[in-house]
Each structure stands twice: as structure tokens, then as C-alpha cells.
1. With unit charges on the beta carbon (Lys/Arg positive, Asp/Glu negative), name the residue among 41, 69, 158 whose Cα is farthest towards the positive pole of the charge dipole of the chain.
2. Go ahead and run the numbers for FRET between residue 18 and residue 54, Cβ-Cβ distance against an R0 of 22 Å, rounding to 0.05.
3. Tell me which GluC sites (Glu not before Pro) from segment 1-101 have a DSSP coil assignment and no more than 12 other beta carbons within 10 Å of their own.
4. Please find, in a Gaussian network model of the chain (springs between Cα atoms separated by less than 10 Å), the residue of 262, 69, 31 whose mean-square fluctuation is greatest.
5. Calculate the dipole size of the chain relative to its Cα centre from +1 charges on Lys and Arg beta carbons and -1 charges on Asp and Glu beta carbons; express the result in debye to the nearest 20.
6. Roughly what would the spin-label model give for residue 134 and residue 38, points 7 Å off Cα along C-beta, in nm?
7. Roughly how many Å² of residue 40 are accessible to a 1.4 Å probe, to the nearest 10?
8. Which of rounded, prolate or oblate describes the chain when judged by the alpha-carbon gyration tensor and an a/c cut-off of 1.5?
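The values are calculated or read from the model by the stated rules, or taken from the named source; none is laboratory data. The model shown is predicted, which means the values in this text are computed figures rather than measured ones. Quick reminder, even Gly has a Cβ in these numbers, built from the backbone with ideal geometry, and neighbours come from all protein chains shown. When the accessible area is computed, the model is the full protein with side chains, heavy atoms only, and any ligands, DNA or RNA have been set aside. Shrake-Rupley method; radii C 1.70, N 1.55, O 1.52, S 1.80 Å.
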Amino acid sequence: AFTGVESDYEKLGKIWKQVSDLLANYSKELVVFEVINEPHAGHDIARIINTSLDSIRNSPGNEDRIVIVPGDGFSTRQALIDAFNNNEIPGDDDYLIGTFHYYDPRPYTKQGDPSEGTAGQNWGTDSEFIQVETDFDAVISANNSWAANNLTSPLPIYLGEFGVDNKSDEYHLDRKKWLSWVRMQAEKRNFSWAHWNMYNNEATSKGMGPWAWNYAQNPSTRTFDADPLEALVGFYRFKDGSRGGGVYNSQLYPDDSGNVYVDFPETTGVGVWARINSIYVPK
């Protein structure tokens, strides 16, 4: 465990030197480094980042390797904002990505863990939808201010974890809504993302579908629950729908099946519409 004593920083630097040397010849497009995952509150995150980067950048072949950097305090959204605001991320490295994890509001997303959540919580009021947008915009604002202060460009942002304990679906069907909205708001702001499988610790109810150890030997046999899967990777083609008010099929971006995307006129109103069946819209 990293406790922050002097010997820990020395050990951290040596670990990153060994890892960097070992992976120096690996593809820079396929292999990136993350200096630390969810450091506990109270660490010197600037020193953690700089110690790690010194070892990585001094390892031949890793001078321009992409490195993911968090804030202190379990890599939360606020931790990354604080790292930007406190200038704890170096502004002279052109190959960094900032990361944060998002589980707000925790009483809802963690309700399967009795130490953190209360069972039976729901999610989806207007203010809760808006709060996600406000939270993500705060990351962008801090990132832009950090970039201006360091005379550099804002960092790409990686939403490294987000998820809802599936205990929530025993009471309400809001997990799909939350997952879909968070994904949409991340992509709207060009955040890359990864879903973290929150789950009840039961053999038949783990994460996005039933789990047993035999799936590790034969992953192709595993099935997934339709709702979270659609929320995370749903993609819709406008194939047999209807439209009106100047909506037209655009030939600009045909997909691989030969179908087309639908364009709306620049000025839309009540008479402008398009409709197909079975599209999930969280709001």
C-alpha cells in the first residue's frame, strides 16, 4: 500500500522504471500507462505524478508514451478538479490524459453496499439530470483554466469508471437511465470512458448479467442483460422510420449497411419530426 512515506516514492519510481523498460517496445497506440488508481486522500499527488513521469520519460522508448494522471482522493471528479486548480499536473508534458471516476449520487449508485447506500433509491429528476451536466462542465472549466495558466492545451479527459449497483433494479428501472445519460454526457464532451461493473455479490446477479467462473474459460458463452448493454453501446439506424417538416436522409455519412443518417433543417420547430420504434431515450 502507498502510504506516502519517503520510501514509498522511491519504490514507486523504481516500479515505474521496471514497467517502462519492460514495455518500451510495445505499441504506443495500444499501451498507455496510468500512474496510480484511486489514491487515498492526503497524498502528494503532484509528487506521485512527477515521480512516475520521471521514471517513464527517462526510459528509452517511452518519451512520448501516453500517461493517464488522476487527482488525489480516490480519483473522484472533484479530485481531478482540485489537481487542475492546485496546478498539481505538469503543464510541460504533451502526452497526458486526465482521469476521474463518477458514482454520483452515491446513495443511488452504491445502494447495494449497505455501508454506502440505502436500498430503494431512485434517480431521474430534472435536477439530477442537470447535475451530471454541471459536474462534467466543471471538469472542463478547471481543465481550461489549468491550460491557460500553463500556456498549454487542455488535457484529453478519460472517464475511467462509472456504474450503478444492480441492486437498484430491484426497486426501480433507473439504472439504464443513469448509465445512458452519463455515457451521453461524457461523449458530448469528448470524454473517453469505461464502465465499471457494479454488482450484487451473488452468482446469478453480477454486473451486466449472470456470472460463473466457467465464463472465464469460455467468454463467448456469456450473456448480458439487455438494458445496461443498450445504455452503454446502443447504436440506432434510421431504417424504416417516418419523417416530416424538412427532415431528410443524408448521403453524407452512409453506414456500412448502406443505410443513411437523418439530417434536420437548421431551424427546427413543432412541425419538424422523425420517428422510429424502439429507441431508448433517457430524457
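1. So the residue we want is 158.
2. 0.95
3. 29, 63
4. Largest GNM mean-square fluctuation: 262.
5. Roughly 740 debye, rounded to the nearest 20.
6. 2.6
7. About 110 Å², ignoring ligands and nucleic acids.
8. Cα axes put the chain in the prolate bin.
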